[in-house]
Structure formats: structure tokens, C-alpha cells
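Right, one structure below, let's go through it.
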Amino acid sequence: MPKGAFSIVRGGRLLDIESRSLPPSDILIEGDTIVDVGPPGLQAPARAEVFDAGDKAIMPGLVDGMAAVEAACTAALRDGVHSSDVILNILARLRQLAPPAAIPTPGALRLRHEPAADCARYDSLRRAADGTP
């Protein structure tokens, strides 16, 4: 769809893995980019093409999302538990999270001397505490 052409998907249930829910939602799309997601009745340009999702689950932005859903459903059926909560949980576990950002240590908190542990001393304290020779 060309840039500047709007579409809106109405009446669907947006898959929210974070909250493990499928709340009713509308999705506004410009060209091939999702520009807004909101509750039913989301404002859209008058010229927007309207698609009725018919209360079906919507998974915007997922690349090859059906493969992930199929894998989650297969795992749930294999284990004999196939509720929507179980499938959403499996999908959440399959999601790749970005590694946490590194936090730099301020210079004032850096060690000036390398720590030296006396392991023999700690072993002797442990033996004294638990009564072993």
C-alpha cells in the first residue's frame, strides 16, 4: 500500500503477550506501517479502508507469526493442555528478549586494588561452624 494510504482494522482482539490477554482493539495502518493501536473506535482518516477483524485474534508486526503460533499450539497439544493461557505462555517463552544494556561503572566506584580472598581462612571458619575437622 503506498505511503499516505490509510487502512484500519476494526473489531479484532490484539495479542498482548506482556499482559497475556486479547483485548478488543483497532489498528491504524499507513502504507505498510502501524501508526496507532487503541481501543475500539480509534480515530482514522475518513478515506481509510476499513477491515473488519470479526472478533478474531490480531498479531500485528509478527514476522511469520503463524509459525510461532503453530509451534505453541503443537507444544500445548503434545502436553495435553491447550487453553489460551497455556498457548500465550508458550509464545511468551519463545520470544527472544534483547540482552540488558550494560551499565558503566563510575570511576569513583572502581576498585583500586584487586580483591584477594583467603580461601583457606574461609574453609576453616566453615569447618568450625559446622563441626567438621
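Can you say whether LEU88 is outside the structural domain of GLY11 (by TED's automatic domain parsing), closer than 30 Å to SER7 by Cα, surrounded by 11 or more Cβ atoms within 10 Å (Cβ to Cβ) and not charged (D, E, K, R), as far as the supplied structure shows? Yes. For ALA68, the conditions (1) in the same structural domain as SER19 (by TED's automatic domain parsing); (2) surrounded by 12 or more Cβ atoms within 10 Å (Cβ to Cβ); (3) of a type outside the set (Val, Ile, Thr) are fulfilled apart from (1). If the condition is being over 10 Å from ILE8 (Cα atoms) and over 26 Å from the mean Cα position of the chain (by Cα), then region 24-46 contributes only ALA46.
Filtering region 1-47 to residues that are β-branched (Val, Ile, Thr) and under 24 Å from ARG95 (Cβ atoms) leaves VAL9, ILE17, ILE27, ILE29, THR33, ILE34, VAL35, VAL37.
Per the conditions (1) at pLDDT 90 or above; (2) touching a Ser or Thr at 6+ places or on another chain (Cβ under 8 Å); (3) surrounded by 14 or more Cβ atoms within 10 Å (Cβ to Cβ), the sole criterion not satisfied by ALA53 is (2).
The values are calculated or read from the model by the stated rules, or taken from the named source; none is laboratory data. This structure is a prediction, so every number in the text was calculated from the model and none was measured. All Cβ positions, glycine included, derive from the backbone under ideal geometry; neighbour counts span all protein chains shown.
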